[in-house]
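The values are calculated or read from the model by the stated rules, or taken from the named source; none is laboratory data. Just so it is clear, the structure is predicted and the values come from calculations on it, not from any experiment. Heads up, the Cβs are rebuilt from the backbone with ideal geometry, glycines too, and the neighbour counts pull from every protein chain shown.
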């Protein structure tokens, strides 16, 4: 419940900040994107090698010892130049090993989540209609279903399981572990075509359970009870329903973002200001007025 309250509070703060901008810009039928992605997972929890946090990134050799694969699809909607919503459905495998405990585990996990995204490029660097890339961050919450098998590193026999709840009816399938999960992501998009982007993303998925690795931690502290996985992925997104995003290195319907009677903020105000100042200076040098 604590994880759920934190995410809901953050979502309300983000929506309140950008609610005015979201109403000014794109209607609900524009600026959608559909994508596919895949990458590697890195587990953090009880059955994890005794290594630092940096050893859980793709830049360390330790990352590839227990790396497993995960893939998914997403649907994205932007409500303006600053904020959007993205939903993910993904499936994959997770693995972790701890030599001192003489145990390792593997699990399959199915997850679906909903996230609020923020365009950091436009927030920090100002709006730019010719920018061919985007840096973004997102936070969200979802649900996961998982099933885990714990093995002995000495005998390779199963010594524990999780996610094998009693069937709803006799002879039916076992019920997997279902828990809420929190997501935090940081990524970048690169426009490789008028409607296509290449996406690179790293995300943290914190599951609301201490049994993902079929091992319970005796320590009752909040930090020691956190389990989950990191996902480092690469994917492609197809953008459709454009109304203000890249189309052949330009923005369609530019008047929708330009300043004027409507009161909209110019989407490239800093560069336009510099250009106008240069034109004004040239004009003063070129034209001279004689006094009478």
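Points worth noting:
- Some residue of the stretch 239-259 being surrounded by fewer than 16 Cβ atoms within 10 Å (Cβ to Cβ), over 21 Å from residue 77 (Cβ atoms), over 20 Å from the mean Cα position of the chain (by Cα) and at pLDDT 55 or above: no
- The set of residues in the stretch 221-238 being in a loop (DSSP other than H, G, I, E, B) and either modelled with pLDDT under 55 or within 18 Å of the chain's Cα centre (by Cα) (or both) consists of 221, 222.
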